[in-house]
1. Quick one: H97 ticks every box in (1) without any contact (Cβ under 8 Å) to a residue 40 or more places away in the chain; (2) assigned to a strand (DSSP E or B) bar one, so which box is it?
2. Of everything in the range 113-151 that's under 11 Å from L50 (Cα atoms) and among the basic types (K, R), which residue is modelled with the lowest pLDDT?
3. Restricting attention to the range 98-112, and to residues there that are surrounded by 15 or more Cβ atoms within 10 Å (Cβ to Cβ) and more than 16 Å from E31 (Cα to Cα), which single residue is modelled with the lowest pLDDT?
4. Can you pull out every residue in the range 13-32 that is modelled with pLDDT under 90 and not hydroxyl-bearing (S, T, Y)?
Amino acid sequence: MKDALALAKTKKQSAKGRLIVGWREWVGLPELGILAVKAKIDTGARTSALHASKIELFEKRGRRYVRFCVHPLQRRADPTMIAEAPLVESRRIRSSHGHLTIRPVIMAVLSLGPLCWPIELTLVDRDLMGFRMLIGRHAIRKKFLVDPAKSFVLGPTLK
């Protein structure tokens, strides 16, 4: 992993020492079983969001959880992945259209290029949106700089 990080930094590093990403990148959510999903890097969004359907809250071992379906490929219903995670909280989120919704929030490990780290992720139906996932500014803060003229700079996620 250190070799991959060193290679990425030598090729794609900014003057501030941060990795450069494009406006869209392939990412993974390995703990949820999602190896690759195309994500939009959205510095206008505070929180990251994942397209989810059939969102269901439940209790397991005295803790609140959320179970949901994910369709990681854009404009496709297959494959369908069923995931579950501890519920961090339910949060009011204002969409880019100004609509206020209450969304479940989970913690998930995000893999982007050679790096993996935990992020907060809201679950919402993004079926009509262009990307199944948005990476908000809090998830990339102090890690990356975004080059809006580039796409898929870091290549595929870790194997």
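1. Here H97 clears every test but (2).
2. R126
3. As a first pass, look at the range 98-112 and keep what is surrounded by 15 or more Cβ atoms within 10 Å (Cβ to Cβ): 103-106, 108, 110-112.
Now narrow it down to the ones that are more than 16 Å from E31 (Cα to Cα): 103-104.
Values: R103: 93, P104: 96.
For the range 98-112, the residue satisfying everything is R103.
4. Step one: of the range 13-32, the residues modelled with pLDDT under 90 are 13-19.
Q13, A15, K16, G17, R18, L19 - these are the residues of the range 13-32 that are modelled with pLDDT under 90 and not hydroxyl-bearing (S, T, Y).
The values are calculated or read from the model by the stated rules, or taken from the named source; none is laboratory data. Please read these numbers as outputs of a predicted model, since none were measured by experiment. With ideal geometry, Cβ positions are generated from the backbone for all residues, glycine too; neighbour counts draw on all protein chains shown.
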